[in-house]
Amino acid sequence: MTIEQARQRIEELSKAIHHHNYQYYILDNPDISDYDFDMLLNELIALEKEFPSLIQPDSPTQKVGGGVTKQFVQVKHSRPMLSLSNTYSEGELEEFFTRVKNLLGHDNVDYVCELKYDGVAISIKYADGILTQALTRGDGVQGDDVTANIKTIKSVPLRLHGNYPPELEVRGEVIMPHDSFLKLNQEREDIGETPFANPRNAASGSLKLQQSSLVAKRGLDCILYFVYDDYHSFFSHYDSIKSIGEYGFKIEPYFKICHDKQDVFNFINYWDKERKNLPFDIDGIVIKVNNLSYQQQLGFTAKNPRWAIAYKFQAERACTTLLSIDYQVGRTGVVTPVANMEPVLLAGTVVKRATMHNADFIRDMDIRTGDKVYIEKGGEIIPKIVAVDTEHRSADSQPLQFISRCPHCGTLLVRNEGEAAYYCPNNRYCPPQIKGKLIHFIGRKAMNIEDLGEEKIELLFDNGLVRNIADFYRLDYDKLIGLTKIYTQNDQTRTIAFREKTVENILSAIDKSKQQTFEKVLFAIGIRYVGETSAKKIAKHFGNIDNLKQASLEQLMEVEDVGEKVAQSVIQYLADDHNWQIIQDLRAFGVQMSCRQTQEILSEKLQGLTFVVSGSFDTPDRRKEIEEMIELHGGKKVDSVSKKVNYIIAGANMGPSKLSKARDLGIPIITEQDFLKML
Ligand code: IVH
C-alpha cells in the first residue's frame, strides 16, 4: 500500500468509527455488530502502526470510547476507565496466554473467568461506607454523574456493612434483565413509543433519564467486577471481589478460578451454550490474571490492561435473501418497514421477518430487494439485519425508495423534525390505525373485553360495524349473529363464525366493561404517551373527564410523572372535536368518566385515625393496597411522621429518620398483621 492509499483508507476508517461510536455511545443505536466494529478498529490500528506519521490527534484510536452527553454534570474519573481488548477465537486467546507467559517469565498463572455482562459500565465511590458518587464511563477520562439514578437500583447498597475501608471505588456493569426489558417494551408499545432494540440500550437509556423516580421503575440490576481499595491488601482479584461481596454488593456470581488454559476454554465453551438460559444478556467471557502482583507486573497499554482480555462470543449469524418489504402502520400512525426474507435457521428458530427500523436504516445500509443480507441474534431477543452483500447484487438493482404515501389509505406520510419515523397523519380514517386503537381499547389492562380478540375485531371492522371505540356499545344481537370469516394461514383454513353463544358472550363482556374504572378508561381511549401508570395518576388528580378537559398545561404537569410531552398530548387529544364526541358517546352509553368515590367506602372502622405506611412489603403493590385499605375504611393516610399521626404501619427496612421521629413522638409502630386485625 502506498502512503497516499493508506492516508485515504485511514480517513475512511476514522470517519466510519467516529460515526459508529456516536451511534453506540450517544444515540444508543448501534448500526453495526460489535464484531464488524472491532474489525474496522483493528484495521485502523494496524495501518497506524505501519504508517505512524499518519496518526491524527483526533483518531478514534487515541480515545478510549465515545463522547459524553450534555445533560449530566461531567466528572473526571480518579483513574481512567479502560476497556478490554477483544478476542474472537481460541487462537487469539492462545496469543494472550503466550504474552502473559513471556512478560512474567513463567506460566504458573491462575486466571479468573467471569461473564462479560452486556450493559453499561459504571464506577461507584463510597466514603466512610456511604455511596457518594456514581459515574458512567463516558469517554473513559470523564463520565456523567448519574449518582441519583444509580441510587435507585436495588442491588446497589447505599450504605456498606462489614469491614469496609474509609474510601472505596467499585466498578461494574448496570444491566437490564430480560423480564424487566420485556415489561418495559410492552409498556412502551402500549403508549405508542418505539421499543428499545435490546436490553443494553434499554439500560443505557434508563441511566440517562433525568428523573430518577422513573429509573427506579426500570428494574435495573448492577453487578460489580472490579475493586479499588487502598486500605486492604489482597493477594488476588478473586479475594478482592469476595471482600466487596461481604460489604453488601452483588458480585459476579459465576466467576471461577481456572488453573490452566484448558480450564479457561472449558468455561468459555460451557457458557457459549448455556448463555441462552441466563436471565440477562452476556456477550462473552472476561479472563483476568488472578494474582494481583502479577497484574501489577503486567501493567497496562494506553487503552487496556495487559492482565485481562475479553473473549467475545460470535453472535449467531445467518445469511438469507431479502424478498420484499412490508410497511406496517401502528395504532399511532408510525410506519415501520419489515423485511420479508427467505426462511433461514438462526439460533434454533426459523426466521423470516426482521424489523428494518426506519427509512434512515434502509438508506444507511443501502439494502435492496434481492440482496443477500446477514442477520444476527447476539444475546439479543430480536433478530436484526447487520450487513448486506452489495457485491453480488445484480446490475439492474435499484436503491430502495421508502414509501411516500400510506400503503393503506394513500395519505402523504410526514416526518416530525428530529424523529426518525414517518407517520401517516390520517389517524381518524386509516384502517390499521383504527384497528390498532380498537385492539388497544379492548386490552386486558384497558377495558378488558376478553371475548373480543384481534380476529373478531377485524371481522367487525370489515363489516363496517365498528369504526371507533364508541361503536362497540352500539352493537346488538341482530348485528352480530351470523357474521363469518374464513382465514387461510399456512395452507390451513379456519372459520370464525358468530353463533348464539359467542354473540351473548361478546355482548355481556361489552356491557361489563362499563364498570371499568375511569383510570382504565383513560388508558383505553389511547391518548398518545399516556400509559397505564400516568392514566392512573391523571385520573386520580382530576377526578373526572370534564376537569381534565379544562386543565392547562401547567396543571397537567403538576401530576407526578407527567412531563410536557404527555401533558401536551392530553390537551391536544381532548381539544379535538371528533375525540370529544366519542367521549360524550361513551359517557352516554354508561362508560365511567369519573372516579367513583363515595360508594367505595367499605366501613368506618378507621374513622378519625391517621396512618403512615413505611418500609417495604412482600410486593411493591402491597404498600399501595394497604394505603387503599386505610382510605376504604375511613382512615387517612399521610406521608410524613408528625404528632397528628396515630399509627405507623412498618414493613421491612423502615427509613431510620422516620423511625427515630416516631419513637420521639411515642407513636405506636405496628405490623401489617396488627393493621389487618384492626379491620
Ligand atoms: S473488567 C480494566 N469484567 O466490558 C477493565 N469488564 O471492554 C475492567 N464488562 O468496559 C473491566 N463484564 O463495561 C470487566 N466481568 C467483567 C465485565 C466487564 C462486562 C464490560 C465493561 C468494560 C467492557 C470491556
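Observations, loosely collected:
- The range 322-391 - Kirkwood radius from inverse mean 1/r over Cα pairs (Å): 12.7
- Separation of alpha-carbon centers, the range 608-679 and the range 160-182, rounded to whole Å: 30
- Of K514/K549; K125/K250; K116/K154; K15/K151, those spanning more than 26 Å from alpha-carbon to alpha-carbon: K15/K151
- Dmax and Rg, reported as Rg then Dmax, of the range 89-244 (C-alpha, Å): 18.5, 61
- Of L438, H578, I122, farthest towards positive along the dipole that unit charges on Lys, Arg, Asp, Glu beta carbons give the chain: H578
- Where no second cysteine Cβ lies under 4.7 Å, the cysteines concerned in the chain: C113, C222, C258, C319, C595
- Pairs from the list K435/K501; K479/K565; K520/K637; K276/K352; K242/K377; K183/K512 with a Cα-Cα gap above 32 Å: K479/K565; K242/K377.
- Here the convex hull built on the C-alpha positions of the range 246-346 has a volume of 246 cubic angstrom per residue.
- Tail beyond 14 Å, pair distance distribution of the range 294-357 (Cα, percent): 72
- The calculated P(r) of the chain, using every Cα pair and 10 Å bins from 0, goes 3, 12, 19, 22, 19, 14, 8, 2, 0, 0 in percent.
- Dipole magnitude (debye, nearest 20) for the range 46-193, charges at Cβ of Lys, Arg, Asp, Glu: 600
- H19, H392 arranged by Cβ crowding within 10 Å, fewest neighbours leading: H392, H19
- Proximal lysines to K643, defined as alpha-carbon separation beneath 18 angstrom and excluding residues fewer than eight positions away on the same chain: K658, K661
- Kirkwood radius for the range 164-203, taken over all pairs of different Cα atoms as the inverse mean of 1/r, rounds to 12.0 Å.
- Dividing the convex hull volume of the alpha carbon atoms of the range 202-248 by its residue count gives 115 Å³ per residue.
- Cα centroid separation - the range 108-156 against the range 357-376, whole Å: 36
- Computed on the range 168-261, the Cα convex hull volume stands at 134 Å³ per residue.
- Approximate shape of the range 583-679 as ellipsoid semi-axes (Cα gyration tensor, √5λ), whole Å, largest first: 32, 15, 12
- Per-selection Kirkwood Rh - the range 311-467 (Cα, Å, 1 d.p.): 17.7
Quick note: the coordinates plus some simple rules give every number you see, no bench work behind them. Small disclaimer: the values here were computed from a predicted structure and weren't measured. Reconstructed Cβ throughout: ideal geometry from the backbone, glycine too, with neighbour counts over all protein chains shown.
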